[in-house]
Amino acid sequence: MGLMKIIIKLAAIILCLAPTVAGAEKLSLDQLSAYLNQLNSAKGGFTQMNPDNTRSKGEFMIKRPGRMRFEYANPNPALVVASSGQIAIFDKKSSSGPQGFPIGRTPLGIILKKNVNLRASGMIIAHVEEGLLTKVTAQDPKHPDYGNIQLVFTADPVALREWVVTDQSGQQTTVVLGNLNKRVHLPESLFDIDQIAVDLGPISDR
């Protein structure tokens, strides 16, 4: 067999194997569920791309199950806290007081559950690999009209890097996470919506 024929045959074998190798690198739903379930307390910076193409930065905290906090840096005076089944949005510039609504009406509720199971029927609507990233798009199977959340992970070690929330109206908000400190103590007072509401006024229902 001539050298050129050998090269062509090797190239054909490599092309046949390439999809299999790439597919093996995609993180499984079981791996991703396990990662989210062990993500108890964590803290880090974030950059948020808003639907109107503006950007916000701040500090992000999560304490599973059920609790999350976004402290936005100046000039954005917002504070968003998820706890006790609801999300409260505090805006220091607003004279109407903070707003609150059930966390179950948002896709974020999926990753704040006590036991995350991405294999749950109807939850995953996309599970793809893009380069070194694994992207999973999830929705509440009982309420797909609430929107969806795309979670973006890297491997070795598994880490959540960003998410994209698509709301009921189709608008998208992207949150890119910095390195998370998972050895941090987060006191319950950080997520005490009632106490925060005492300082900033009662929560008005949407």
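Take the conditions modelled with pLDDT under 95, surrounded by fewer than 15 Cβ atoms within 10 Å (Cβ to Cβ) and of a type in the set (D, E, K, R) and apply them to K26. Does it pass?
For K26, the condition - modelled with pLDDT under 95, surrounded by fewer than 15 Cβ atoms within 10 Å (Cβ to Cβ) and of a type in the set (D, E, K, R) - is not met.
Considering only region 92-147, state which residues are in contact with a His (Cβ under 9 Å, 6 or more places away or on another chain) and either at pLDDT below 85 or surrounded by fewer than 15 Cβ atoms within 10 Å (Cβ to Cβ) (or both).
Hits for region 92-147 are G104, R105.
Does L186 satisfy the condition of being surrounded by 12 or more Cβ atoms within 10 Å (Cβ to Cβ), modelled with pLDDT of 85 or more and over 20 Å from G131 (Cβ atoms)?
Criteria met by L186.
Test of understanding: among D145, D140, D156, which residue is without any contact (Cβ under 8 Å) to a residue 60 or more places away in the chain and touching a helix residue (DSSP H, G or I) at 6+ places or on another chain (Cβ under 9 Å)?
D140
So which pairs qualify, if the first residue must be in region 39-54 and surrounded by 15 or more Cβ atoms within 10 Å (Cβ to Cβ), the second must be aromatic (F, W, Y), the Cβ gap must be under 6 Å, and the two must be at least 6 apart or on different chains?
Final answer for the pair search is G44/F60; F46/F60.
Rundown of residues vs (1) over 26 Å from S28 (Cβ atoms); (2) outside any loop (DSSP other than H, G, I, E, B), yes/no style:
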{"site": "S121", "(1), (2)": "no, no"}
{"site": "V136", "(1), (2)": "no, yes"}
{"site": "D140", "(1), (2)": "no, no"}
{"site": "L160", "(1), (2)": "no, yes"}
{"site": "V165", "(1), (2)": "no, yes"}
{"site": "S189", "(1), (2)": "yes, yes"}
{"site": "A197", "(1), (2)": "yes, yes"}
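The values are calculated or read from the model by the stated rules, or taken from the named source; none is laboratory data. Quick caveat, the model's predicted, so the values are computed rather than measured. Neighbour counts run over all protein chains shown; Cβ positions are idealised from the backbone, glycine included.
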